[in-house]
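The values are calculated or read from the model by the stated rules, or taken from the named source; none is laboratory data. Remember, it's a predicted structure, so these values are computed and weren't measured experimentally. Positions of Cβ are backbone-derived with ideal geometry, glycine not excepted, and every protein chain shown enters the neighbour counts. Keep in mind that these areas ignore ligands, DNA and RNA; they rest on the heavy atoms of the full protein, side chains included. Shrake-Rupley method; radii C 1.70, N 1.55, O 1.52, S 1.80 Å.
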Amino acid sequence: MPENGGCQLSAIRRTHRLWAKFCRAVKRGRLGPMRSLLLLCPCVLAVAFHLWLQGPEVALSWPGLAASLPGWPRHYELVVGVLSARSNREQRQAIRRTWLENLSLHPVLGPRSLVRFIVGSRGCAVPVQDREDPYSCRLLNISRPVLGREIEAFGVPHGAGLLSSHPVVNVHFQIFHPVVITRLGVLHQGEVGAAFQRNVTVRLFQAEHEESLFTARFSPASPGVQVNGLWYKPVEQFILPEGFQGTVTWESHDPAGIFAETARAVTVNDGGGVLRLLTVDEGLLPYEFTEGVEGVAGGFVYTIHEGDALLQNLHTRPERLAQHLITMQEEEALLQKESATYQDIVFVDVVDTYRNVPSKLLHFYRWVGETISFDLLLKTDDDCYIDMENVFESIVRKKLHQPNVWWGNFRLNWAVDRTGKWQELEYRSVAYPAFACGSGYVMSKDIVEWLASNSERLKTYQGEDVSMGIWMAAIGPLRYQDSLWLCEQKCETGMLSSPQYSPEELIQLWNQKVLCGNPCACEQ
């Protein structure tokens with residue numbers, strides 16, 4: 001605030017009162033049109049002009065001024081973006097009934113803030129049951145599954161050459177319907193019928209696990225059984241569940257290395273779509289995923305588990321798809337009604353799934369940069385409790401009205417997950433750059449504008465929190481660490497945010513804050 005800010009504020013408040021009194025008189029017909037124009041208080045224009053000379057952002061930051069002057073552009077000290085899924089109507093309603101309602105009715109903070117829910121403009125046309133995973137919108141493309149017999153996973157062309165003298169070769173795969181591994185195998189060397197001449201150990205791992213699930217050892221004295229150019233040995237049979245990601249590793253104990261083919265040259269026998277090879281050249285797997293050279297030096301044999309259940313699922317898919325489309329239409333109608341009623345939803349041009357959340361955020365930043373005049377932006381989620389009064393007080397106390405500011409609770413040296421909901425297969429490092437946990441963080445306008453202007457070039461990763469950390473590593477903002485932006489669901493006095501609440505829990509927290517001044521508990 002300028003040194004004479006107190007005087008300016010006092011002048012603005014007096015001017016605002018005079019302006020409001022003048023408008024009421026005009027509305028009641030006590031002043032004629034010409035007289036109204038002549039009696040327009042000169043001090044209103046004088047003070048507004050004086051503030052404008054100090055900078056438009058100074059003039060527009062005073063509560064009520066922009067709203068008082070016809071045609072004057074609205075400026076907000078803080079824009080709040082709330083990430084929300086299309087179906088999360090109850091979560092949005094809980095927020096509207098709690099901290100958002102309190103903020104909108106606040107005589108000082110209300111005019112200084114703008115809150116918008118960020119929602120994808122389209123839902124996923126694939127039912128969750130028919131997706132490759134619940135976090136994306138890719139169809140689980142299983143058709144004509146091979147049932148009732150063993151399947152050799154890989155077809156290796158004749159005359160496979162020495163891929164590398166490296167002692168370890170591996171290949172990675174993913175399972176989309178439960179299977180049972182029955183045998184592990186290694187490539188045949190030499191003419192058909194020739195004896196096995198090497199010492200090779202074949203292991204099958206679950207991704208990122210150090211202990212193997214299955215192991216088979218091959219040697220001249222114990223080569224196993226030769227089938228279609230591979231030597232196989234049986235293993236103890238376990239069910240690999242849907243979503244399983246595994247690695248088959250061939251390790252040589254001979255100086256000559258391992259005879260193998262590149263993964264691109266191998267035919268994958270996917271059993272009708274229940275198995276997929278994960279390869280580096282497709283961008284599905286980082287080189288650091290496991291030690292060794294990517295390739296195929298053998299294979300494994302499997303059977304499809306619960307084939308009848310799979311056939312029934314495929315048989316009912318058309319009916320399920322038709323019902324899902326009806327549900328999507330009903331959801332769209334409800335969303336449009338909700339949007340027209342509350343006018344607080346920004347629809348961004350993405351399919352609304354978890355994997356697309358980083359894109360949702362970038363689209364919102366672009367919308368904000370193109371349409372809103374503001375100083376700071378707060379991002380949060382629709383399952384979060386937010387104390388907006390505490391946020392505004394902290395902004396002043398920490399003097400955050402400056403460029404290149406990022407205020408949040410930052411995770412440092414967070415390991416990159418290669419499996420599960422937070423699976424990341426494209427970021428090559430073993431740890432992420434510093435990133436703020438998603439219950440809430442605040443950025444200065446210039447950072448939002450940088451994200452908006454580069455939104456079409458920035459690569460998105462598995463989650464918006466880690467994506468923000470990677471993007472911010474490029475510009476090095478001033479990080480303000482604050483543990484009161486809670487990363488886990490817990491309640492602390494003075495907290496700025498807390499995540500992972502149901503609508504009922506969020507309302508309970510807020511009611512306790514209203515009744516006793518403490519959202520965590522009311523003293524007995």
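Quick look at the values:
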| read-out | value |
| --- | --- |
| Qualifying residue in region 459-466 (condition: touching a Ser or Thr at 6+ places or on another chain (Cβ under 6 Å) and more than 26 Å from Asn102 (Cβ to Cβ)) | yes |
| Within region 279-394, helices (runs of 4 or more DSSP H) holding 3 or more residues that are at pLDDT 95 or above and acidic (Asp, Glu) | 317-342 |
| Scope region 490-512; condition open to solvent by 70 Å² or more (accessible area, probe 1.4 Å), outside any helix (DSSP H, G or I) and modelled with pLDDT of 95 or more; matching residues | Gln500 |
| Odd one out for Asp482, checked against (1) open to solvent by 40 Å² or more (accessible area, probe 1.4 Å); (2) within 22 Å of Val80 (Cβ to Cβ); (3) of a type in the set (Asp, Glu) | (1) |
| Matching entry among Cys516, Cys522 (being open to solvent by 40 Å² or more (accessible area, probe 1.4 Å), without any contact (Cβ under 8 Å) to a residue 12 or more places away in the chain and touching a Leu at 6+ places or on another chain (Cβ under 8 Å)) | Cys522 |
| Index of the failed condition, Tyr461 passing every other in (1) at pLDDT 95 or above; (2) surrounded by 18 or more Cβ atoms within 10 Å (Cβ to Cβ) | (1) |
| Tally, over region 335-363, of residues that are exposed (fewer than 13 other Cβ atoms within 10 Å of the Cβ) and farther than 30 Å from Tyr461 by Cβ | 5 |
| Qualifying residues in region 74-98 (those that are of a type in the set (Lys, Arg) and in a loop (DSSP other than H, G, I, E, B)) - the one least open to solvent (accessible area, probe 1.4 Å) | Arg86 |
| Where a residue in region 129-143 is over 16 Å from Tyr354 (Cβ atoms) and its partner, wherever it lies, is open to solvent by less than 50 Å² (accessible area, probe 1.4 Å) and among the β-branched types (Val, Ile, Thr), with Cβ under 7 Å and at least six apart | Leu139/Val126; Ile142/Val274 |
| Answer from Glu236, Glu242 - the residue that is modelled with pLDDT of 90 or more, open to solvent by 60 Å² or more (accessible area, probe 1.4 Å), part of a loop (DSSP other than H, G, I, E, B) and under 23 Å from Arg418 (Cα atoms) | Glu242 |
| Residue among Ser429, Ser439, Ser467, Ser444 that is in contact with a Cys (Cβ under 7 Å, 6 or more places away or on another chain) and either among the polar types (S, T, N, Q) or at negative phi (or both) | Ser439 |
| Qualifying residue in region 438-446 (condition: at pLDDT below 95 and surrounded by 16 or more Cβ atoms within 10 Å (Cβ to Cβ)) | yes |
| Odd one out for Arg366 among (1) closer than 30 Å to Glu242 by Cβ; (2) open to solvent by 50 Å² or more (accessible area, probe 1.4 Å) | (1) |
| Those residues of region 94-120 which are in contact with a strand residue (DSSP E or B) (Cβ under 6 Å, 6 or more places away or on another chain) and not hydrophobic (A, V, I, L, M, F, W, C), in sequence order | Arg112, Ser113, Arg116, Gly120 |
